[in-house]
Amino acid sequence: TKIEEGQNDWISQLPESVLVDILSYLPTKDAVKMALISRFRNLWTYIHCLSFDECAYHDHNRYGGENYDGPHYDERFLNLIRHVLILHERTTIDEFHLKFAFNLFNTIHDDQYNSDGYASKERRMASELTTWIKFSLRKQVKVLDIDLLGCGLSEPEVNYELPTRILTNNYLKELSLTGCGIEEKGCIQLMLLSKLSLKKIMLSDKIMGEILIGCPMLEELSLDGCCGLHKLKLATNIKRLKIIVGWRNQMSNSRLEISCSGLKSLEFAGAIQLVQLKYSASIFDASLYYSRTFMCERRIYEEVQMLLLKLAE
């Protein structure tokens, strides 16, 4: 009946701003498909959250091995991003998420693969990737998530180096980077950043120090599988720290000194020879986790047990 049809068509009564919000919380691939419904038309061009995940296409991905025949990028995935970035109308966006397996393997073996054009293909892809990131920065993105490990089946031999503009930004509030390279000489100034997550990134005490100095509003810091740190001096504004050290990580055989005055919450997982905490009296919430791959003398286990008992008091 007409009454039942009217009741079932409640979505057409919603204002366009609400429909745009609904589309914004869908994967962008699905939001674009909604254009097939007349009520949504081209509303997707005004969504405030863009999310691109290569894993939605990974049944066609190819990975290195004995039969490796060059870098492969799913054209459906690339064309989706190109299409969206060209037609997107909104002047600003809140979030930009990209999950994409990318590395510069052939570029460092140019002599071996140059005849097949593999290295030049990677460099063109790196240039396009930079264009995507700069697009998000022009849109004054607040939450930026760049994951270049994709489905995580392989580690990059050479990381893509971030454009310097990403680290000199007055709009970013949350930044998550996976499998990227950070230039040591770059200027870092992220005045509004409150949350930073770094995963599988080569760091140094110098780079990390510049990051912390350049992020005066930073409150949460997460380091997952990052290498190269020996001393971590946190500013008093950082309240929460999370560190994960993989058992194959270079840090598993090293020592880490953390100065953490002002820190409230500490999460530490993985395997490392020694962690020395300085100025840690402010910590009231601590979590320590060691996987079965962490091996040490029984005496060390007993010392950890005593430490946990003291924290419980």
- line: Within the range 223-239, the residues whose backbone N lies under 12 Å from a label point placed 7 Å from the Cα of residue 205 along the Cα-to-Cβ direction are 229-233
task: Multiply the residue gap between residue 35 and residue 21 by 0.36 nm, knock off their C-alpha separation, and tell me the result in nm, one decimal place.
output: 3.6 nm
field: Calculated FRET value between residue 273 and residue 126, using beta carbons and R₀ = 41 Å, to 0.05
entry: 0.70
- prompt: In nm, to one decimal, how far is the residue 281 label point from the residue 240 one, both placed 7 Å along Cα→Cβ?
  reply: 2.6 nm
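Order 270-279, 198-207 from most to least packed using the mean count of other Cβ atoms within 10 Å. Please report the intermediate quantities before stating the final value.
Values: 270-279: 14.7, 198-207: 17.0.
Descending mean neighbour count gives 198-207, 270-279.
Readers should treat all values here as calculations from the given coordinates under stated rules, not as data from a laboratory. Being a predicted model, the structure only gives us computed values, none of them experimental. Cβ atoms come from the backbone with ideal geometry, glycine included; neighbour counts cover every protein chain shown.
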